[in-house]
Amino acid sequence: MKLLFCIVLLLMLPAISTAAGEAAVVGHIQTLQGSVWIERGALRLGGEAGSEVRQGDILRTGKPGAVGLVLLDNTTVSLGSGSELVVRDYAFQPREGKFTLVMQMLKGSFSYVSGLIGKLAPDAIRLQLPEATIAVRGTKLLVEIGD
Amino acid sequence: MRASYCLGLLLTVLLGACGGRQSIVLVPDPDGRVGRAEVITAGGKRLLDKSGDMTQVRSRILQPSAVSTAQAGYLAERFGEALAIEPPAPEKFVLYFETGTTVLKPPSHEVVNQIVAASQRRKAISIAISGHTDTAGSVQLNDDLARQRADFVHQLLTLRGAEFKRISVSSHGKGNPAVPTADGVAEPRNRRAEITVY
């Protein structure tokens, strides 16, 4: 009986964690051109001005396509055609003094401009490229990942 | 012969299998400041700290290339699209409150009009409101008061016809002062709401 209960509980676990674990909003789409979409798990959403971007979402641009993203702390990232970006880990909680920004630039071209996290906690920022990591302190960076 | 073939193959696998070359260029931010960036692989690292500094990464096992200076033509060609779609700088406003309340100080009423006008002129995509307090009073009291101030501004902007597609409201309590003070200090410049119009 106890075993059965455990199995049922285990089966329910994914449902429970999905219900409780909707990823946090980290920013929004401010500008865009051409085809832009957001992949969230199995969902594929067309991007538009004002679309929310959540932690773990894959933000993609087509060819042609370009998008400008603003994070909650005013960090901005813009993507040219054929690009792919994930905000992997993000915390902007001035009340608790918690700051984290880990972004994966997977392919394409990017312009990154640091925001408040860059001012308040510059060591909390990591940009992950396919073969390198960038520790960036309060500035603007251009990044291109060749095909 | 065979040995050199194997070596060649190995190098191709190590260098080539990993996809394209990655280029990183440091440029001045919108205020003209140049910060610094460290590019790190398993093979080593390079520091970029001057405007136009560029390094390239071909493989995670190799040190990034020696720092060179990026040419304007290269930047325009490779980054023209991303630069053209950069979000414009937002407009920022501050509203001040009477002590312990959500009552605006008289001069802030005019600022409310400016916020509404800016949202309409820009056809704002997003408005972010954060509520703040000074450090007099308990953490709980200030968290609640900061939240009430932010909620009040949200209602006020909506009533006045501010334009936005999305809005976010947050409480920073006494944790993010405009003017840092010791705890327990009444400071009018910290009794505020900050409004950013995107």
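For the stretch A:47-72, enumerate the residues that are touching a Ser or Thr at 6+ places or on another chain (Cβ under 8 Å), away from chain B (no Cβ under 11 Å) and surrounded by fewer than 18 Cβ atoms within 10 Å (Cβ to Cβ).
A:Gly62
List the pairs whose first member sits in the stretch B:113-140 and is over 24 Å from B:Glu91 (Cβ atoms), whose second member is in a helix (DSSP H, G or I), and whose Cβ atoms are under 9 Å apart, counting only residues at least 6 apart or on separate chains?
Close Cβ pairs (under 9 Å, with a partner that is in a helix (DSSP H, G or I)) amount to B:Asp134/B:Asn142; B:Asp134/B:Pro188; B:Asp134/B:Arg189; B:Asp134/B:Asn190; B:Thr135/B:Asn142; B:Thr135/B:Asn190; B:Ala136/B:Asn142; B:Gly137/B:Leu145.
In this structure, is A:Val87 in contact (Cβ under 8 Å) with a residue 24 or more places away in the chain and more than 8 Å from every other protein chain (Cβ to nearest Cβ)?
Details: in contact (Cβ under 8 Å) with a residue 24 or more places away in the chain: yes; more than 8 Å from every other protein chain (Cβ to nearest Cβ): yes.
Criteria met by A:Val87.
Residue check: is A:Ala135 part of a strand (DSSP E or B), over 20 Å from A:Gly65 (Cα atoms) and over 16 Å from the mean Cα position of the chain (by Cα)?
On the way: part of a strand (DSSP E or B): yes; over 20 Å from A:Gly65 (Cα atoms): yes; over 16 Å from the mean Cα position of the chain (by Cα): yes.
When the stated conditions are applied, A:Ala135 passes them.
Which of the strands (runs of 3 or more DSSP E) found entirely inside the stretch B:116-198 contain at least 2 residues meeting this: out of contact with any Lys or Arg (no Cβ under 8 Å at 6 or more places or on another chain)? Explain how you work it out, then say what you get.
Numbers: elements: B:126-131, B:166-171, B:192-197.
Per the criteria, B:126-131, B:166-171.
Sort through A:Ser111, A:Ser78 and tell me the only one that's in a strand (DSSP E or B), within 28 Å of B:Ala42 (Cα to Cα), at the interface with chain B (Cβ under 7 Å from one of its Cβ atoms) and under 13 Å from the mean Cα position of the chain (by Cα). Spell out how you get there, then give the answer.
Values: A:Ser111 fails: under 13 Å from the mean Cα position of the chain (by Cα).
Exactly one residue qualifies, and that residue is A:Ser78.
What number goes with the only condition from (1) touching a strand residue (DSSP E or B) at 6+ places or on another chain (Cβ under 6 Å); (2) farther than 13 Å from B:Ile195 by Cβ that B:Gln148 does not pass?
Against the list (1) touching a strand residue (DSSP E or B) at 6+ places or on another chain (Cβ under 6 Å); (2) farther than 13 Å from B:Ile195 by Cβ, B:Gln148 comes up short only on (1).
Taking the stretch B:170-185 only, how many residues are touching a strand residue (DSSP E or B) at 6+ places or on another chain (Cβ under 7 Å) and crowded, with 17+ Cβ neighbours inside 10 Å? Spell out the reasoning first.
Restricting attention to the stretch B:170-185, the residues satisfying the condition of being touching a strand residue (DSSP E or B) at 6+ places or on another chain (Cβ under 7 Å) are B:170-172, B:178.
Checking which are crowded, with 17+ Cβ neighbours inside 10 Å leaves us with B:170-172.
So the count comes out to 3.
Would you confirm whether any residue within the stretch A:122-139 is more than 10 Å from chain B (Cβ to nearest Cβ) and surrounded by 21 or more Cβ atoms within 10 Å (Cβ to Cβ)?
For the stretch A:122-139, residues more than 10 Å from chain B (Cβ to nearest Cβ) and surrounded by 21 or more Cβ atoms within 10 Å (Cβ to Cβ): absent.
FYI, it's all coordinate maths here, none of it is from the lab. All values derive from a computational prediction rather than experimental measurement. Reconstructed Cβ throughout: ideal geometry from the backbone, glycine too, with neighbour counts over all protein chains shown.
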